[in-house]
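Asks: Before we start, here is the structure in question, set down as structure tokens.
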Amino acid sequence: MHHQLNKLCLQTNLTKIYMKKLFLFVTAITAMTFLNSCSSDDNADSNSGGNLGGTISLKIDGVSKTFNNVIVNKNETENYTELLVTATMGNSTTEVISFGVEAGNVGTYATYDFRYANGTNTFSDSGQLNSVVQINSNNKLKGNFSGSMTNHSSSTQENVNFSEGSYDISY
């Protein structure tokens, strides 16, 4: 009897885990579908985050790139609102740029956690990236950046150089 009860409890726990994973999967698919269905003429005032327009343009090791699929998610806390920016080139996820900035902050070094992913390589700011946020209000974010990023996960600590970087984003 005790063995059957343990088996029943194990099955119940496995079912709960499966249902949680299924729920998270369905939620993620629904969120991706919703974000992809937003168009650039949606009313920005009624949206707390999403792909509403803008670009991040730069040269990476001298090669011009434009990331034109930009998503800004707002993370609101008691004391401040964090804007999390993620950008890709079209629908490709091969190259991704992301960074954070507190809503309303402008000036030098207002951005943080700047990252660039290219395939399996992820580069991050090691204090060599210069950035200036020029506009950060009324659902508009504009600024520029340049410098180098380091891949800390590689044994050689490979670098990429950003130049002529700028972003002009509406969210």
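Asks: Looking at segment 89-111, which of its residues are closer than 15 Å to S166 by Cα and exposed (fewer than 15 other Cβ atoms within 10 Å of the Cβ)?
Replies: G107, T108, Y109 - these are the residues of segment 89-111 that are closer than 15 Å to S166 by Cα and exposed (fewer than 15 other Cβ atoms within 10 Å of the Cβ).
Asks: How many residues does segment 124-140 hold that are in contact (Cβ under 8 Å) with a residue 24 or more places away in the chain and either assigned to a loop (DSSP other than H, G, I, E, B) or among the acidic types (D, E) (or both)?
Replies: Adding up the residues that qualify gives 2.
Asks: A follow-up question, please. Would you call N121 touching a residue at least 60 places away in the same chain (Cβ under 8 Å), over 22 Å from G54 (Cα atoms) and of a type outside the set (A, V, I, L, M)?
Replies: So N121 does not fit the description; no.
Asks: Mind telling me which of the residues G147, G143 ends up being closer than 15 Å to G54 by Cα and either in contact (Cβ under 8 Å) with a residue 40 or more places away in the chain or buried (at least 16 other Cβ atoms within 10 Å of the Cβ) (or both)?
Replies: Details: G147 fails: closer than 15 Å to G54 by Cα.
Criteria check complete, one pass: G143.
Asks: Are any residues in segment 150-171 open to solvent by less than 40 Å² (accessible area, probe 1.4 Å) and in a strand (DSSP E or B), and if so, which ones? Step through it out loud before you land on a result.
Replies: At the first step, the residues of segment 150-171 found to be open to solvent by less than 40 Å² (accessible area, probe 1.4 Å) are 150-151, 154, 160, 162, 165, 167, 169, 171.
Across segment 150-171, the qualifying residues are T150, V160, F162, G165, Y167, I169.
Asks: Ok, one more. Select from segment 54-78 the residues that are in a loop (DSSP other than H, G, I, E, B) and either free of Cβ contacts under 8 Å to residues at least 12 places away in the same chain or on the phi < 0 side of the Ramachandran plot (or both) and list them in ascending order.
Replies: The first filter runs over segment 54-78 and keeps only residues in a loop (DSSP other than H, G, I, E, B), leaving 61-62, 68, 77-78.
Within segment 54-78, N68, T77, E78 qualify.
Asks: For Q128, indicate whether it is open to solvent by 10 Å² or more (accessible area, probe 1.4 Å), in contact with a Gly (Cβ under 9 Å, 6 or more places away or on another chain), on the phi < 0 side of the Ramachandran plot and at pLDDT below 95.
Replies: yes
The values are calculated or read from the model by the stated rules, or taken from the named source; none is laboratory data. What you are looking at is a predicted structure, and each value in this text was computed from that prediction instead of being measured. Note that each Cβ is placed from the backbone with ideal geometry, even for glycine, and that neighbours are counted across all protein chains shown. The protein model used for the area step is the full one, side chains on, heavy atoms only, and it has no ligands, DNA or RNA in it. Shrake-Rupley method; radii C 1.70, N 1.55, O 1.52, S 1.80 Å.
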